[in-house]
C-alpha cells in the first residue's frame with residue numbers, strides 16, 4: 001500500500017505518466033466538446049416551450065456539473081494532503097481551484113442570460129442560482145487564502161483546511177437555501193421537472209458533459225505539471241527533460 | 001536521575017487536567033475581555049447602529065419595518081459577530097500566549113474551545129440579550145421576542161465556532177480582516193437562513209420546534225468539528 | 001439540421017443575443033485555460049533552460065539536486 005501511495009505521490013512519476021495521457025485528454029475532450037456544440041446548436045430540435053433559447057443548456061449544465069465536481073476533487077486532494085502530506089495532492093488542488101471558480105462563474109453567467117428569455121429577468125433568487133453564487137464565494141475565498149500566505153506550505157495547508165470545512169458546509173448551505181427558497185416563493189423554476197428529453201436532445205448534452213470532464217482533467221493535469229516545474233526548477237530530471245526537449249526539437 | 005527527580009515532584013504537583021485547563025483558559029479570557037470594557041461594548045454599539053441605519057435608509061413605516069425586522073436583526077447580529085472575530089486570537093498571537101497555549105499538555109482543541117466559549121459569552125450572549133430592545137424599535141410583534149432571543153443564543157454560538165476557524169486561518173496574516181469576511185460569510189449563510197427564517201415563522205405563528213432543532217443540530221456539528229479545525233489552523237498560522 | 005439556412009442559424013430565431021454570449025463565455029473560458037496552461041509551460045521550460053545555461057557558465061551558482069525543491 002505505502003509504496004504505491006508514494007509512487008503516485010512522486011512528481012517525477014506523475015510528470016512522465018501524465019505526459020503520455022495528456023495529448024489524448026486534450027484531443028478527445030476537444031473533439032467531444034466541438035461535436036456536442038455543433039450538434040446542440042445546429043441539429044438538436046428546438047424545445048417546444050423555450051424554442052432555441054434552450055440551447056444554452058448545452059453549456060450551462062456541463063459548467064454547473066463541473067463546478068461541483070471540481071470542488072469535490074479539490075476537497076479530496078486537500079484531505080490527502082493534510083493526512084499523508086503528499087505535496088502532489090496540494091498541487092492538484094491548487095491547479096483545480098481557478099478552473100472550478102471559472103466554471104462556477106460560467107454557470108452563473110449562462111444561467112443569468114438564459115433567465116432573460118425564460119423567466120423575463122436576469123436574476124431570480126432561485127435555490128440553485130443562490131447556492132451556486134455561494135459556491136463561487138467559497139472558491140474565491142480558498143484562492144485568496146492560498147495567495148495571502150507568505151510561505152507556500154502555510155498557504156497550502158490553510159487552503160486545504162478551508163476546502164474541507166467548505167465541503168462539509170456545502171450540503172448544509174444547499175439544503176438551507178432550498179428551504180429558504182420554498183419559504184419565500186411558491187413558484188420554483190426547476191429544470192428537473194421538465195418532461196423527459198428525446199435522445200436527439202440529451203445525446204449532445206452527454207457528449208458535452210463527458211468532453212468538459214476530459215478538458216477539466218487535461219487543464220488540471222497540465223497546470224499540475226507546470227506547478228511541478230515551478231517548484232523544482234533545479235531537479236536533475238527536470239534538467240534532463242529540458243535537454244531532451246531541445247534535442248527533440 | 002531525571003526520573004527520580006521528576007517522580008516525587010509530579011506526585012506533589014500533578015499536571016492540570018483537561019477540565020482545569022479548559023476552566024483556566026476560559027477564566028483568563030473572560031477576565032481579559034472584561035478588563036477592556038470599551039472593546040466589550042463595541043459589537044453591541046455596532047449592532048445598534050446598523051439597526052438604526054435601516055429605518056433611516058428605508059422609511060419610518062412600522063409595517064414595512066416589522067416585516068423585515070427578523071432578517072434585519074439577524075444580519076446586524078451576524079455582522080457584529082464578524083466584526084469581533086478578528087480579536088479572537090489576535091492579541092494572544094501578538095504577545096506569544098497562543099504559542100504557549102498550543103504547547104500546553106492539554107489538547108489544543110479543548111483550549112481553543114475555551115477561548116471560543118469566552119468569545120461567545122462576551123459577544124453572542126450580550127447581543128441576544130439586547131436584541132429585544134432593538135426589536136421593539138423595529139416593531140417586531142411581541143410574541144416572537146422569545147424566539148428571537150433563543151435563535152440568537154443558539155445561532156451566535158454557531159457563528160462564534162465557525163468564525164473561529166476563519167480567525168485562526170487569518171491570524172498570522174497582516175491584513176486578514178477583509179479576507180476573514182470573505183472566508184466566513186459563505187459559511188454563515190445557513191445559520192442566517194435558519195435563524196431569520198425561524199423568527200419569521202414565529203411572527204406568523206407557525207410551528208418552530210423543528211427549525212430550532214435544526215439550529216441545535218448545526219450547533220452540535222460545529223461544536224464537534226470547529227475547535228479541532230481551528231486548532232489545526234492555529235498550528236499552521238504559528239508555523240507559517 | 002434544425003434551421004433552414006445559415007442566416008437562420010446565426011439568428012437562432014431571435015434568441016441569438018442570449019445563446020451566443022452564453023456559449024462564448026463558457027467555451028471561451030475553456031479555451032483561455034487551455035491556452036494559458038500551454039503558454040505557462042513554454043515559459044517555465046524556457047526558464048529552466050536559462051537556469052541551466054547560467055549554471056554552465058558559472059558552475060558554483062545553483063547546482064542541480066535530486067528533488068530540486070526550492071521554497
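Read-outs: derived from the displayed coordinates by stated rules, not from any lab. Remember, it's a predicted structure, so these values are computed and weren't measured experimentally. Here the Cβ is made from the backbone with ideal geometry for all residues, glycine too, and neighbour counts use every protein chain on show.
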| request: Could you give me the radius of gyration and the Dmax of the stretch B:19-239, taking only the C-alpha atoms into account and expressing both in angstrom? | output: 17.7, 58
| said: If I model a spin label at residue A:116 and residue B:99 as a point 7 Å from the Cα along the Cα→Cβ vector, what separation in nanometres do I get? | reply: 5.8 nm
| said: Suppose R0 equals 25 Å. What FRET efficiency, 1/(1 + (r/R0)^6) with r the Cβ-Cβ distance, do residue C:20 and residue B:178 give to the nearest 0.05? | reply: 0.10
| message | I'm checking a number: the convex hull volume of the Cα atoms of the stretch B:126-240, normalised per residue, in Å³. What is it? | response | 102 Å³
| query | How big is D, in µm² s⁻¹, for the protein assembly as shown by Stokes-Einstein at 25 °C and 0.890 mPa s if Rh is the Kirkwood radius over C-alpha pairs? | reply | 91 µm²/s
| said: At 1.567 mPa s and 4 °C, plugging the Kirkwood radius over alpha-carbon pairs of chain A into Stokes-Einstein gives what diffusion coefficient in µm²/s? | reply: 64 µm²/s
| request: Taking only Cα atoms and a 10 Å spring cutoff, compute GNM fluctuations for chain B and point out the largest among B:135, B:59, B:226. | output: B:59
| Using the count of nearby Cβ atoms within 10 Å as a rough guide to exposure, how do A:77, B:30 rank from fewest to most? | B:30, A:77
| request: Rounded, prolate or oblate: pick one for the stretch A:1-84, where a ≥ b ≥ c are the square roots of the eigenvalues of its C-alpha gyration tensor, a/c under 1.5 means rounded, and failing that, prolate if a/b is larger than b/c, else oblate. | output: oblate
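In units of 2.2 N^0.38 Å, what is the alpha-carbon radius of gyration of the stretch B:137-185? Working shown, then result.
Working: Rg = 15.5 Å, N = 49, 2.2 N^0.38 = 9.7 Å.
Relative to the rule-of-thumb radius for its length, the stretch B:137-185 sits at 1.60.
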| remark: With label points set 7 Å from each Cα along the Cα-to-Cβ direction at residue B:59 and residue A:197, the distance between them in nm comes to 4.5 nm
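How would you rank B:158, A:234, going from fewest to most other Cβ atoms within 10 Å of each one's own Cβ? Write down the numbers at each step before the final one.
Values: B:158 27, A:234 20.
Ascending Cβ contact count within 10 Å gives the list A:234, B:158.
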| field | Burial ordering of A:15, C:36, A:48, A:58, fewest other beta-carbon atoms within 10 Å first | value | A:48, C:36, A:15, A:58
| task | When a/c is below 1.5 the answer is rounded, else prolate if a/b is larger than b/c, else oblate, so apply that to the stretch C:18-57 with a ≥ b ≥ c taken from the square roots of the Cα gyration tensor eigenvalues. | result | prolate
